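Since every read-out is calculated from the coordinates, none of them should be taken as a lab result. On a predicted model such as this, the values are computed, not experimentally measured, just so you know. Every residue, glycine among them, receives a Cβ derived from its backbone with ideal geometry; neighbour counts consider all protein chains shown.
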Amino acid sequence: MVPVLASLIPTLVNKGLELFDKKFESDGEKAEKAREFEKYLQEQIQVAWNEEQRQLTERHKNDMQSDSWLSKNIRPLVLVYLMGLFTLAFFNDVPQQVLQMLQDLLMTSFMFYFGARTIEKVGKMMTAGEKGGVIKWSK
């Protein structure tokens, strides 16, 4: 999402400056304000992105600390569900676009699941190392 928003920044800056075009005394002042405004927008988008990622991580932590069976097993269940759909779609007559969409969803889910599992394990290893424990892979 950040690249999409970042690509809009020059357009937003130019349109914003058009509104205040008569307020600037020179083109140099206008260019300086454009740079300042663009930098400000980029910083705000980065702050929003960082906050979104922090909240996503916090949500995942809370899900894993929950006593709910579903919240702890949602990732594997999504993988099983998508694998089942993909298998059914592969052996039945479905449009190529649907098969491609399922393939993309399945690949994204696998990357997220195994990537998140790897990060969790590395985090446990780092925590064990910081506490003076032996660093080893745990199940």
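Please pull out the direction-averaged projected area of segment 79-132, using the convex hull of its alpha-carbon atoms, in nm² to one decimal place. Please list the in-between numbers first.
Values: hull surface 15.4 nm².
Averaged projected hull area, Cα only: 3.9 nm².
Quickly work out the A34-to-N62 label distance, labels modelled 7 Å from Cα along the C-beta direction, and quote it in nm with one decimal.
4.4 nm
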